[in-house]
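The values are calculated or read from the model by the stated rules, or taken from the named source; none is laboratory data. On a predicted model such as this, the values are computed, not experimentally measured, just so you know. Don't worry about glycine lacking a Cβ; one is built from the backbone with ideal geometry, like all the others, and counts go over all protein chains shown.
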Amino acid sequence: MKNSESRISNGVFAILFILVLLPLAAVLFQIVCPGLEISKFSLENISILGDIFTRPLWRKALFNSLALAGGTTVCGLIVAAFLAWVRVKYQFKGAKMLDLAAWALMIIPSFILAQGWVYFASGNGVAKAWLGLDWMSGFVFSYPGLVTVMTLCKWPMAYITIRTALEWEPVRLMHAARMNGASGFQVWRDIQLPLMLPALCSAAMLIFMDTVGDYGLSSTITAVYSYPTLPYTIYSAICTSPARFDMAGVLSLCLMLLIVLAMFIQYKALGAKRFDFLDNGTQQAVPQRLSRGRNVCLSAVVWIFVLISIGIPAVSSLVMSFSSAISLTKFTFTLENYKNILSADSTLLVGIAHSLGLAVIAAVIGLVIAFCCAYVLTYAKTPLKKAIDMTTLVAMAVPGIVLGVGYIFVWNQKWLVPIGLHLYGTPAILVLAVVAAAIPLINRILVAGMAKIPESLLIAAEMQGAGFFTKIKTILLPLLHNSSVSAVLSAFGGSIFNLAITTILYPPNWETLPVWISDSYNDLKFGDAAAATIVSGVCIITIMALLERLLNMRKARKG
C-alpha cells in the first residue's frame, strides 16, 4: 500500500510541477533572462522591476487593479455577509432564488456579465434608450460603477463561504454570555463575530483573488472605457509587435505578489488562534418565521437585488441579440443576428465544438489527476503531501492570464522543435492549460468529500485483503459519487468559458467559443456577440443538465 501511495504522490507532484510550477517559474525567470535565452541572462535585468513605478501605464495598471480589487473586496464582503446572515436567520420566499442566483453567477463568466452591463449602460443602451436613465452611463463607467458591477458579480463566492459558517451557532457560549448580562449586540460582537473570522477572511480572500486576476471584465470594459488593469496590460504586452515578454513577466510578478500579500494578511489576521467550536453545545441555526409584512418586504429586497445582479446583464444581452443596430435608440426587432451566427459562413459552431472538446478533456483528465491528488492529501503518509497541497493552492490563486503567459514561455522554445514538443500554436497547449486550470477546483471539491469518509473504512478493507485499486473502486468511488458529479460539472462549465487562457493560447484559425464572442464584441458586432451568448448558453445549460442526469442515472438505478 505504501509503495502504491508513494508512486501516486510522486506522479501527482510531477504532473503538478509540469502543469503549474514550471510555467510560474518561467514567468519569474523571464525577468532576469528575457526570452529564456541563457545568453541574455543578467541579474542587472532585475532593475526593470523599478519601472513599475516610473512607467505611467504600468503604474496606472497596478494601482487600478489594487483599487478595484480592494473596493470590490470591501463592498462584496459586506453584501455577502448581510445576505448570508439574512438567509440563515429568517424564512422568506426569496431564499431559494437567492441560492440559485449565487450558483448561476459563479458559473457565468465575468466577460459575459460585463458585456451585458455594457449593453445596459452604454450611451445608447437599455438604461438610456428605454428607461430614460441618462446618468447610468456616467456612473457605470467610473471607478464607483466598476466596483459596483464587480461586487454584483463576485458576491456569490463569499456568500457561500459565510453562509456555511453561519449554519452552526455556539448556543452554550451565547447562553452563558446572556446569563452574565451581555446584550444581544455584545453576544454578536464578542462571541459570534470572532468565531466567524476564518470564514470572513476566506471570503475576502476569494473576492480579492478573483477580482485582481479578472481578465474578462477589464478586456470587455476597455472597449468603451479606458481603465487598464494588470491582466489586460499583460495580455497587451504579449500581443504587441514585437511582443514584450519582459513587460509581461514583470506585470505577472506584480500580480502574483498582490495575491501573496493578500494571503499573508489573511494568515496574520488569523494567527495561531483556535476557532473550533463544534461540540455538543453547538446547534444548527433554525430560521425564524417573519410576520407577513416583513416577509414580503424582505422577499422584495432579495428579489430586487437578484434582478439587478443577474437580471440586468441577462435581459440586456437578450434585447441586444434581437436588435438591428448597435444603438438601442433605433431598436428594431430582427432575427438577423441569429441568422449570421448560424449561417454556413459562421465559425461559431466550430468554436462551440472546440470549446466543448476542451471542456470534456479538462473534466475527464482533471478528475483523474485531482482524485489522486485528493487521495494523497487526505489519506497518504508521504513527505510530498505539503508540497502537493501548496501547489494546488498556488494553482487556484494564480490568475489564468499569468498561467497562460507561463505556458508561452515554457512551450515556445526553439530547442523543443527537434524533439516534437514545441506546443505553442497548437491545440495541445490549450489542453494542458485547461487541465491545469481545472485541477484545483476539482481537487478542493473531492478533498471536501473525502474528509467525510473515515480512514477506518479503508483500513478495514485492507485487513480483509483488498488491494489499493479495490479500495478505490468499492469504497471511495461509490461514496464520492455526488462530489465527483459536482466536480465534473464545475470543471466542464468553467473550462468552456475560460477567456483568459483561450485568448492568449488559442492557435491561429482554431476558433473557440469565448474568443469568438470576445472578438465579435471588440469588432462592435454587439448583436452577433449577444446572440452567440444566448445560443451557446442555452446549448451548454442543456448539455450540462443532460450530463448531470446521465452521471446520476446509474446511482438512481441502484437506489
Quiz item: So which residues in the range 463-476 are in contact with a helix residue (DSSP H, G or I) (Cβ under 7 Å, 6 or more places away or on another chain) and charged (D, E, K, R), if there are any at all?
Solution: 471
Practice problem: Check whether at least one residue in the range 398-410 is assigned by TED's automatic domain parsing to the domain that holds residue 492, surrounded by fewer than 22 Cβ atoms within 10 Å (Cβ to Cβ), touching a residue at least 60 places away in the same chain (Cβ under 8 Å) and touching an Asp or Glu at 6+ places or on another chain (Cβ under 9 Å), and report yes or no. | Solution: no
Exercise. Evaluate the range 185-198: report whether one residue or more is touching a residue at least 12 places away in the same chain (Cβ under 8 Å), within 20 Å of residue 74 (Cα to Cα) and in contact with a Gly (Cβ under 8 Å, 6 or more places away or on another chain).
Key: no
Quiz item: Quick one: would you say residue 51 is farther than 20 Å from residue 238 by Cα, in a helix (DSSP H, G or I) and acidic (Asp, Glu)?
Solution: no
Quiz item: Taking helices (runs of 4 or more DSSP H) that fall entirely within the range 413-524, which contain at least 2 residues that are closer than 28 Å to residue 33 by Cβ?
Solution: 427-450, 499-505
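Has the range 443-454 got any residue that is within 19 Å of the chain's Cα centre (by Cα) and without any contact (Cβ under 8 Å) to a residue 12 or more places away in the chain? Show your work before the answer.
Taking the range 443-454 first, the residues within 19 Å of the chain's Cα centre (by Cα) are 443-448.
Filter again for without any contact (Cβ under 8 Å) to a residue 12 or more places away in the chain, leaving none.
Checked against the condition, which is being within 19 Å of the chain's Cα centre (by Cα) and without any contact (Cβ under 8 Å) to a residue 12 or more places away in the chain, the range 443-454 yields no hits at all.
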Exercise. Kindly indicate whether residue 304 is aliphatic (A, V, I, L, M), at pLDDT 90 or above, assigned to a helix (DSSP H, G or I) and under 30 Å from residue 393 (Cα atoms).
Key: no
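Among the listed residues 363, 387, identify the single one that is assigned by TED's automatic domain parsing to the domain that holds residue 3, under 27 Å from the mean Cα position of the chain (by Cα) and surrounded by 21 or more Cβ atoms within 10 Å (Cβ to Cβ).
Values: 387 fails: surrounded by 21 or more Cβ atoms within 10 Å (Cβ to Cβ).
None of the other options fit; the residue is 363.
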Quiz item: Given the conditions (1) under 24 Å from residue 9 (Cα atoms); (2) over 25 Å from the mean Cα position of the chain (by Cα); (3) free of Cβ contacts under 8 Å to residues at least 12 places away in the same chain, and given that residue 421 satisfies all but one, which numbered condition is not satisfied?
Solution: (1)
Practice problem: Select from the range 501-545 the residues that are under 18 Å from residue 217 (Cβ atoms) and charged (D, E, K, R) and list them in ascending order. | Solution: 519
Quiz prompt | Close pairs from the range 74-94: first part of a helix (DSSP H, G or I), partner among the aromatic types (Phe, Trp, Tyr) and buried (at least 23 other Cβ atoms within 10 Å of the Cβ), Cβ under 6 Å, at least 6 apart | solution = 76/155; 79/155; 80/155; 80/159; 83/159; 84/159
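Using the structure shown, decide if residue 113 is over 28 Å from residue 288 (Cα atoms) and either modelled with pLDDT under 85 or in the same structural domain as residue 247 (by TED's automatic domain parsing) (or both). Spell out how you get there, then give the answer.
Details: over 28 Å from residue 288 (Cα atoms): yes; either modelled with pLDDT under 85 or in the same structural domain as residue 247 (by TED's automatic domain parsing) (or both): yes.
In short, yes.
Can you pull out the residues in the range 231-271 that are of a type in the set (A, V, I, L, M, F, W, C) and assigned to a loop (DSSP other than H, G, I, E, B)?
Here is the first cut: in the range 231-271, the residues of a type in the set (A, V, I, L, M, F, W, C) are 234, 237-239, 243, 245, 247-248, 250-251, 253-265, 269-270.
Listed by number, the list holds a single entry, 243.
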Quiz item: Can you tell me how many residues in the range 302-323 are exposed (fewer than 15 other Cβ atoms within 10 Å of the Cβ) and in contact (Cβ under 8 Å) with a residue 24 or more places away in the chain?
Solution: 1
Practice problem: Go through (1) exposed (fewer than 14 other Cβ atoms within 10 Å of the Cβ); (2) within 21 Å of the chain's Cα centre (by Cα) and name the single condition residue 352 misses. | Solution: (1)
Exercise. Please name all residue pairs, on different chains or six or more residues apart, with Cβ atoms under 7 Å, provided the first residue is in the range 97-111 and is over 17 Å from residue 301 (Cβ atoms) and the second residue is loosely packed, with under 15 Cβ neighbours inside 10 Å.
Key: none
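Conditions tested, residue by residue: (1) modelled with pLDDT under 90; (2) among the hydrophobic types (A, V, I, L, M, F, W, C); (3) not assigned by TED's automatic domain parsing to the domain that holds residue 406.
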site: 239; (1), (2), (3): yes, yes, yes
site: 250; (1), (2), (3): yes, yes, yes
site: 255; (1), (2), (3): yes, yes, yes
site: 271; (1), (2), (3): yes, no, yes
site: 287; (1), (2), (3): yes, no, yes
site: 294; (1), (2), (3): yes, no, yes
site: 300; (1), (2), (3): no, yes, yes
site: 314; (1), (2), (3): no, yes, yes
